[in-house]
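The values are calculated or read from the model by the stated rules, or taken from the named source; none is laboratory data. Please read all numbers here as calculations on a predicted model, not as lab measurements. Note that we place each Cβ from the backbone using ideal geometry, even for glycine, and neighbour counts take in every protein chain shown. Note: areas computed on protein heavy atoms with side chains; ligands, DNA, RNA excluded. Shrake-Rupley method; radii C 1.70, N 1.55, O 1.52, S 1.80 Å.
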Amino acid sequence: MMANLNLWLIPVLPLAGAAINGFLGKKSSRRAVSVVGLVFSGASFAWALSVVLRVSAESLPYQEFFAHWIRSGAFTVDFAFYLDQLSLVMLLVVTGVGFLIHIYSVGYMWDDPGYYRFFTYLNLFMFFMLTLVLANNYLMMFIGWEGVGLASYLLIGFWFTKDSAASAGKKAFIVNRIGDFGFLIALFLIIQNYHSLDFTKVFAQVQLLSPETSGAGLLTTIGILLMVGACGKSAQIPLYVWLPDAMEGPTPVSALIHAATMVTAGVYMVSRSHVIFERAPTALMIVAVIGALTAFFAATIGVTQTDIKKVLAYSTVSQLGYMFMACGVGAFSAGIFHLMTHAFFKGLLFLAAGSVIHAVGGEQDMRKMGGLRKQIPWTFWTMTAGTLAISGIPGLAGFFSKDAILWRSYQASWVYWLVGLITAFITSFYMFRLWFLTFFGEYRGEAAAGHGHADHSAQADHSRGSHGGIHESPRVMLIPLAILAILSVVGGYVGVPGSLGGNNRFDQYLGPVFHSTLPAASEHAPGEKGASERQTQGPEPKSEASTELLFTAISVAAALLGFGLAWLFYYRNPNLPERMAASLAGLYQTVSHKYYVDELYAALFVKPLITGSTSILWQGVDRKVIDDTVNNAAEGARHVSDEVRQMQSGNLRSYAGWIAAGSAAVIAFMIWMGVR
């Protein structure tokens with residue numbers, strides 16, 4: 001028996017920090033707010049590390065019960081936490097990367113008037129995200145799911161006095177509610193058919209079922225609805241539109257929520273529900289198709305963006321598509337592997353972008369940057385590590401996780417592999433485009449003198465620009481960059497594949513979570529393997545390993561080709577992009593306007609709702625019927641009571657008359673019924 005791990009401390013510590021800063025932070029010094037915010041988030045990370053060191057593979061999965069929550073007949077929901085290899089990985093990502101972003105925020109947000117609010121919201125977000133990860137049932141997961149939606153609304157709209165920030169926060173909140181509707185319907189179906197929301201109880205019943213190979217059954221419906229929820233939270237087609245606008249929030253928010261943690265909640269939920277998806281091939285195919293389309297679609301938009309944070313935003317959407325494509329082909333461990341490495345290099349890229357913006361007094365347009373590598377060398381080298389990692393350059397973290405996804409995708413279908421390969425090429429191109437435009441050539445912007453803004457959307461974010469020009473960020477911002485850069489370099493070596501001389505320890509570690517739960521192979525088509533069986537198959541034959549090595553070489557060539565084209569366009573011949581854009585005017589304008597999807601949604605959904613809410617017809621129903629009914633209810637009741645009380649006159653003759661009239665009415669009714 002393993003000693004009690006006190007898992008409750010991991011989410012409760014950030015909650016305590018949020019409560020202290022929320023109630024006392026306004027009257028406290030910035031130093032005190034910083035200490036509270038860092039100590040409680042750091043303690044959560046330290047406790048998560050201690051849990052990792054204390055647990056063994058034999059003791060997992062581990063459950064920690066706290067209290068009964070809901071009891072209705074045989075249906076029960078408990079307050080309890082569930083720990084296995086998957087939740088351990090997520091714990092370390094959320095608390096580790098989250099703590100580094102807290103440290104960075106001390107320097108980045110120091111002069112903001114809402115400093116205490118910012119750390120309150122950051123700590124609150126960590127509480128909800130950790131609740132989501134540790135939940136042992138779908139209802140507790142949904143509480144965390146909704147909580148991170150609330151926290152993201154508060155953080156995206158942090159500078160709420162600016163219309164664009166307030167609108168971005170509302171957009172994120174509303175779009176996520178659309179996805180959450182699908183999630184809720186899936187939970188209702190699970191309750192109705194399996195009489196529980198507990199993971200172990202639901203999955204134990206589902207494991208007894210055969211895959212729904214003909215038509216769309218219950219599990220397919222549940223899987224599709226779960227994917228609708230994941231599309232909202234993880235910004236997949238068609239619900240991705242909120243994430244690029246979320247860049248209105250401070251840069252640490254972009255790093256924490258929209259790169260490392262919240263947007264990966266959908267990937268985690270699908271992976272946690274792998275038992276359901278494995279028995280719903282149609283739903284699994286939809287996950288793969290949506291992931292592949294989103295990866296390619298968002299990558300093409302990233303090529304034309306000029307705002308440094310918008311490039312990274314569409315890159316995030318694209319990389320999330322990669323993760324879903326991996327899950328959709330049954331490579332759940334590869335998807336989680338990329339989730340982890342993406343947290344390292346994308347968190348690094350966002351924080352480095354914030355350091356660049358900080359250096360140039362708030363400018364975010366890459367066309368007004370250039371030549372910054374000499375002025376901000378620490379930012380340059382750390383961002384270089386992140387750029388190389390996300391581009392899939394051999395030896396760095398992104399290379400190993402992206403290669404794992406491409407190989408698994410090829411095993412499922414060459415179409416997925418081809419889409420993934422083209423996306424990898426585009427990713428390399430737009431990331432090196434960002435790199436060359438920002439750090440090479442001549443500086444094209446105005447001198448960053450005087451007081452500047454760290455984000456162009458900051459309302460009172462003064463004094464971050466240095467006095468006297470471009471400058472490097474303070475040490476409190478550079479230390480997290482250095483740590484994330486190291487992780488972006490070495491973080492992939494836990495998953496070196498057999499074709500490169502490794503044994504993919506990450507895949508083996510997650511093996512007990514994604515072990516084969518499907519019926520015998522004979523129930524599949526001849527020669528077909530179940531999704532989880534592909535996850536845990538033994539050492540690859542030499543011929544297959546050599547084939548994987550060949551495909552690895554192709555993906556590396558795609559990454560190098562992206563670098564070469566970016567070098568040609570933005571370093572060797574910087575006038576070439578303008579000429580290309582002019583020659584492709586229609587296509588370029590379409591892509592640069594993000595395929596007019598926002599305009600389409602506005603025309604189909606937003607404007608009709610606004611028009612309907614302000615039209616004469618609606619106002620007639622709203623004001624004349626609903627409002628009058630509610631507002632005049634008391635006056636109406638008074639008039640009715642005035643009339644009715646006339647019956648209580650105290651006059652016996654009047655009472656006799658009412659009785660006679662009533663008796664006559666009853667007799668007449670009875671006679672009429674008798675005639676019928």
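Details
- Flag if residue 228 is open to solvent by less than 10 Å² (accessible area, probe 1.4 Å), of a type in the set (Val, Ile, Thr), assigned to a helix (DSSP H, G or I) and under 20 Å from residue 144 (Cα atoms): no
- Residue 354 vs. criteria under 30 Å from residue 110 (Cβ atoms), open to solvent by less than 10 Å² (accessible area, probe 1.4 Å), over 23 Å from the mean Cα position of the chain (by Cα) and not aliphatic (A, V, I, L, M): no
- If you go through region 496-522 and pick out every residue that is in a helix (DSSP H, G or I), modelled with pLDDT of 90 or more and either open to solvent by less than 30 Å² (accessible area, probe 1.4 Å) or farther than 25 Å from residue 386 by Cα (or both), you end up with 5.
- For region 104-120, the candidate set comprises residues that are out of contact with any Ser or Thr (no Cβ under 9 Å at 6 or more places or on another chain) and open to solvent by 10 Å² or more (accessible area, probe 1.4 Å); within that set, the residue that is farthest from residue 35 (Cα to Cα) is 113.
- Lone qualifier among 276, 286, 237 - being over 23 Å from residue 425 (Cα atoms), modelled with pLDDT of 90 or more, touching a helix residue (DSSP H, G or I) at 6+ places or on another chain (Cβ under 9 Å) and open to solvent by 10 Å² or more (accessible area, probe 1.4 Å): 286
- Meets criteria (of a type outside the set (Lys, Arg), assigned to a helix (DSSP H, G or I) and open to solvent by 10 Å² or more (accessible area, probe 1.4 Å)) for residue 337: no
- For the residues 48, 80, the requirement of being in contact with a strand residue (DSSP E or B) (Cβ under 7 Å, 6 or more places away or on another chain) and surrounded by 18 or more Cβ atoms within 10 Å (Cβ to Cβ) singles out 80.
- Identity of the residue in region 419-447, among the small types (Gly, Ala, Ser) and assigned to a helix (DSSP H, G or I), that ends up farthest from residue 289 (Cα to Cα): 428
- Looking across region 349-380, the residues that are assigned to a loop (DSSP other than H, G, I, E, B) and farther than 28 Å from residue 400 by Cβ come down to 360, 361, 362, 363, 364, 369, 370, 371, 372, 374, 375, 376.
- When the residues of region 51-77 are filtered to those that are in a loop (DSSP other than H, G, I, E, B) and open to solvent by less than 70 Å² (accessible area, probe 1.4 Å), the one that is nearest to residue 194 (Cα to Cα) is 60.
- Complete set of residues in region 381-414 that are surrounded by fewer than 23 Cβ atoms within 10 Å (Cβ to Cβ), in a helix (DSSP H, G or I) and at pLDDT below 95: 410, 411, 412, 414
- Residues of region 21-55 classified as in contact (Cβ under 8 Å) with a residue 12 or more places away in the chain and either out of contact with any Ser or Thr (no Cβ under 7 Å at 6 or more places or on another chain) or of a type outside the set (Ser, Thr, Tyr) (or both), total: 24
- Meeting the requirement of 3 or more residues that are within 36 Å of the chain's Cα centre (by Cα) and at pLDDT below 90, the helices (runs of 4 or more DSSP H) wholly within region 547-650 are 576-583, 585-592, 607-614.
- Test: residue in region 7-20 that is more than 26 Å from the chain's Cα centre (by Cα) and either in contact (Cβ under 8 Å) with a residue 12 or more places away in the chain or not in a helix (DSSP H, G or I) (or both): yes
- For region 132-153, the set of residues classified as open to solvent by 10 Å² or more (accessible area, probe 1.4 Å) and touching a helix residue (DSSP H, G or I) at 6+ places or on another chain (Cβ under 6 Å) consists of 153 only.
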